[in-house]
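Engineer: Have a look at the structure that comes next, please.
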Amino acid sequence: MEELFTRKRAISKTAMNILKKRYFADGESSWEQVVDRVIEHVIPNAPEEQKEITRQMMINTYFVPNSPCLVNSGKKDSGLAACFVVDFPDNIEGIYKTKLDFALIARKGGGCGTSLEKIRPEGASVAGSTHGYAGGGIKFADTISHDADALTQAGFRAMAIMFTESVYHPDILKFINAKEEEGRIANANISVIVDDAFMEKVINDETFWTEFNGKKYYEFSAKAVFNKIVKGMWRNGE
């Protein structure tokens, strides 16, 4: 077959060192061997012409699959997808189902994200609980972070985790400041969900209310909260 994807540059020494450290399977010593393994695992029944086009694209780095695909191709029970999103409902059964989902995804080598906006704020009442009050989403996020660290510390990389929180959630300041405590949610990225209405209030130096399930909690300066978000991004590299 005619060469459709010419090599733009050779595999560098740095790239080869990374391949050796993280991506070569037993017996492999070249990028071409990694590519062949991936193709035979992902598209084993594709027409030979399609396989060859894919091979050229990958060998010449026009297209490179994600890390789980490169690492786990050829393995029986490992996953190929890198990114998952799971729900985080506000009940004890749902919360621990989410924790299990994170563990199962970690076992397969994937990363996972979820939003804490459905979880009632810290200190809110909880009917039917002997404890009486909610711990808040951040505490559950912290336990997921520690669980993932324990599950993946011996693997080829740590689990990629993303937690998000709505700027309108009553726990938003706790969320923004969560990483000020060393080691808390250390192996996860955190992101604040904002909308155009909030950004307009920032521009106009107005206030806004946090609320949960229709109940208003705190009134904040939009600009002050936005500045805290920016400072947190700078401080923690979020």
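The values are calculated or read from the model by the stated rules, or taken from the named source; none is laboratory data. These numbers come from a predicted model, not from an experiment. Neighbour counts run over all protein chains shown; Cβ positions are idealised from the backbone, glycine included. Note: areas computed on protein heavy atoms with side chains; ligands, DNA, RNA excluded. Shrake-Rupley method; radii C 1.70, N 1.55, O 1.52, S 1.80 Å.
Engineer: Can you go through Ile172, Ile185 and tell me which one is out of contact with any Pro (no Cβ under 9 Å at 6 or more places or on another chain), at positive phi and crowded, with 17+ Cβ neighbours inside 10 Å?
Structural biologist: Ile185
Engineer: Still on this structure, I have one more. Does Val35 satisfy the condition of being within 28 Å of the chain's Cα centre (by Cα), open to solvent by 60 Å² or more (accessible area, probe 1.4 Å) and of a type in the set (Val, Ile, Thr)?
Structural biologist: no
Engineer: Pairs under 8 Å by beta carbon, first residue basic (Lys, Arg) in the stretch 88-103, partner assigned to a helix (DSSP H, G or I), six or more apart or different chains?
Structural biologist: Note: pairs meeting the criteria are Lys99/Phe140; Lys99/Thr143; Lys99/Ile144; Lys99/Asp147.
Engineer: Considering only residues of the stretch 1-32 that are part of a helix (DSSP H, G or I) and of a type in the set (A, V, I, L, M), which is least open to solvent (accessible area, probe 1.4 Å)?
Structural biologist: By that ranking, first place goes to Leu19.
Engineer: Follow-up. Could you give every pair whose Cβ atoms fall below 8 Å, whose first residue belongs to the stretch 138-151 and is more than 14 Å from Ala103 (Cβ to Cβ), and whose second residue is of a type in the set (D, E, K, R) and open to solvent by less than 50 Å² (accessible area, probe 1.4 Å), counting only separations of at least 6 or pairs across chains?
Structural biologist: Here the result reads Ile138/Asp171, each pair linking the stretch 138-151 to a residue that is of a type in the set (D, E, K, R) and open to solvent by less than 50 Å² (accessible area, probe 1.4 Å).
Engineer: Could I ask something else about it? Between a residue in the stretch 104-120 that is among the hydroxyl-bearing types (Ser, Thr, Tyr) and modelled with pLDDT of 90 or more and any residue that is open to solvent by less than 30 Å² (accessible area, probe 1.4 Å) and part of a strand (DSSP E or B), which pairs come within a Cβ distance under 8 Å, given they are 6 or more apart or on different chains?
Structural biologist: Taking only residues 6 or more apart or on different chains, the pairs are Thr114/Phe163; Thr114/Thr164; Ser115/Phe163; Ser115/Thr164; Ser115/Glu165; Ser115/Ser166.
Engineer: Could you pull out the residue among Ala150, Ala127 that is open to solvent by 10 Å² or more (accessible area, probe 1.4 Å), at pLDDT below 90 and part of a loop (DSSP other than H, G, I, E, B)?
Structural biologist: Ala127
Engineer: Check off (1) on the phi < 0 side of the Ramachandran plot; (2) open to solvent by 50 Å² or more (accessible area, probe 1.4 Å) for Gly214 and give me the number that stays unchecked.
Structural biologist: Among (1) on the phi < 0 side of the Ramachandran plot; (2) open to solvent by 50 Å² or more (accessible area, probe 1.4 Å), the lone unmet condition for Gly214 is (1).
Engineer: So, in the stretch 188-233, how many residues would count as being farther than 24 Å from Phe140 by Cβ and not in a strand (DSSP E or B)?
Structural biologist: 19
Engineer: List pairs: first in the stretch 19-42 and farther than 17 Å from Ser67 by Cβ, second in a helix (DSSP H, G or I) and hydrophobic (A, V, I, L, M, F, W, C), Cβ under 6 Å, 6+ apart or cross-chain?
Structural biologist: Glu32/Ile59
Engineer: Would you please name the residue that is surrounded by the most Cβ atoms within 10 Å (Cβ to Cβ), looking only at residues in the stretch 65-104 that are touching a Leu at 6+ places or on another chain (Cβ under 8 Å) and over 13 Å from Val42 (Cα atoms)?
Structural biologist: Phe88
Engineer: Quick one: Asp205 ticks every box in (1) of a type outside the set (Phe, Trp, Tyr); (2) modelled with pLDDT under 95; (3) exposed (fewer than 15 other Cβ atoms within 10 Å of the Cβ) bar one, so which box is it?
Structural biologist: The one condition Asp205 does not meet is (2).
Engineer: Which number in (1) charged (D, E, K, R); (2) over 22 Å from Ser145 (Cβ atoms); (3) open to solvent by 80 Å² or more (accessible area, probe 1.4 Å) marks the one condition that Arg55 misses?
Structural biologist: (3) is the only condition that Arg55 fails.
Engineer: Among residues belonging to the stretch 38-54 that are assigned to a helix (DSSP H, G or I) and within 29 Å of the chain's Cα centre (by Cα), point out the one that is nearest to Arg9 (Cα to Cα).
Structural biologist: Thr54
Engineer: Let me ask something additional. Sort out which residues of the stretch 188-202 are without any contact (Cβ under 8 Å) to a residue 24 or more places away in the chain and buried (at least 16 other Cβ atoms within 10 Å of the Cβ), and write them in order of number.
Structural biologist: Lys201
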